[in-house]
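Some notes on the structure that comes next.
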Amino acid sequence: MSDSDQTKTVRGVKLRRDPAREGCFTVVELHTDLHDYDDMSDVSRRQRLHRHMHNEMQTLEIVAQGLADFPDAPWELRMQLARQCWDESRHSAILYRRLRELGGRKGEFPVMNYEWGVTQLLNSLPARLAVQNRTFEGGEMDLLRQQQNMWSLAGDPPTALLMDALLADEVHHVRYANRWLKQMAHENPRTLLQVVAGVQLLQKITAALAPEPGEVNAVGVNLTEFTHAEVMTNVGDRRLAEFTEAEIADLLRKEGFGSLVASTTPGT
Ligand SMILES: [Fe+2]
Ligand SMILES: [Fe+2]
């Protein structure tokens, strides 16, 4: 298959073509085409669960594709990938069930395969672990802690509890990737080059697809304000996932909490 058969171009950058989807799904390519709401109305609650469900489906596909693409990876790492597939399929099913309990349905909102589009361009397992587990799922840990509070404040303790349960699994997915990346880098410094290549590609694509100031999505929400919604670094879980204190301090600095870093770093 030629490269052009496997990729698509969106806003000037190359992405892997979308995975197959059931006919009920409307697949879009930009955040402007999504229906992300900025409140906790009934339709927004369904949309949040729908988007999350689809994200878990995508993660399952990404990790399963990693198993297929890197058959020579160490057996224990392949076992971790396989266990993650089980977790992600369970996460999708749990969110689908909750979506239906709130009156929603599969395909009710447009979906986007951004994470798939980026990770499937990466031709090494260290790069995929760095981008998918360490970056995307690391960010999801921050988001899930925030969402747990949001659902709880919105008077929906069952969904808040679900977020907490998913978070426990995500910590493990990030931690095993951190451990393997550290070990692989120790055994072969070339691993670091692969990680850097992955992170640089992610930065390039993220910059190209980032909304312009004032750009609104399909339901009229201002995307540049929306993306600045308060998602704070989840320091406790990032420690559990074995990010270093220096890495956590760096995240806090980027959020404008540089002056607090000393007090969050043990021994300083
Ligand atoms: Fe998950
Ligand atoms: Fe995960």
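Suppose the filter is more than 19 Å from P71 (Cα to Cα), within 11 Å of ligand 2 (Cβ to nearest atom) and surrounded by fewer than 22 Cβ atoms within 10 Å (Cβ to Cβ); does A168 pass it? Spell out how you get there, then give the answer.
Working: more than 19 Å from P71 (Cα to Cα): yes; within 11 Å of ligand 2 (Cβ to nearest atom): yes; surrounded by fewer than 22 Cβ atoms within 10 Å (Cβ to Cβ): yes.
Yes, satisfied.
Within the stretch 73-90, the set of residues being part of a helix (DSSP H, G or I) and either away from ligand 2 (no atom under 16 Å from the Cβ) or open to solvent by less than 50 Å² (accessible area, probe 1.4 Å) (or both) comprises W75, E76, L77, R78, Q80, L81, A82, Q84, C85, D87, E88, S89. Figure legend. Inter-residue proximity from the stretch 86-97: first residues closer than 14 Å to E61 by Cα, second residues modelled with pLDDT of 95 or more and open to solvent by 20 Å² or more (accessible area, probe 1.4 Å), beta-carbon distance below 6 Å, spacing 6+ or different chains. Indicated pairs: D87/D169; E88/L60; S89/L60; S92/M57. Pairs linking a residue in the stretch 135-155 that is in contact (Cβ under 8 Å) with a residue 12 or more places away in the chain and part of a helix (DSSP H, G or I) to a residue that is among the charged types (D, E, K, R) and within 11 Å of ligand 1 (Cβ to nearest atom), with Cβ atoms under 9 Å and 6 or more positions apart or on different chains, are E137/E170; G138/E170; E140/E170; M141/E170; L144/E170. Each residue in the stretch 23-51 was checked for being touching a Lys or Arg at 6+ places or on another chain (Cβ under 6 Å) and not aliphatic (A, V, I, L, M), and 1 of them qualify.
How about the stretch 91-128: which of its residues are of a type in the set (K, R), part of a helix (DSSP H, G or I) and more than 15 Å from ligand 1 (Cβ to nearest atom)? Full working, then the answer.
Step one: filter the stretch 91-128 for residues of a type in the set (K, R), giving 97-98, 100, 105-106, 128.
Now drop any that are not part of a helix (DSSP H, G or I), which leaves 97-98, 100, 128.
R100, R128, listed by residue number.
The values are calculated or read from the model by the stated rules, or taken from the named source; none is laboratory data. Since we're looking at a predicted model, the values are computed, not measured. When we count neighbours, we look across all protein chains shown, and the Cβ atoms used for this are built from the backbone with ideal geometry, even at glycine. Accessible surface is based on the protein model in full, side chains and every heavy atom, while ligands, DNA and RNA are left aside. Shrake-Rupley method; radii C 1.70, N 1.55, O 1.52, S 1.80 Å.
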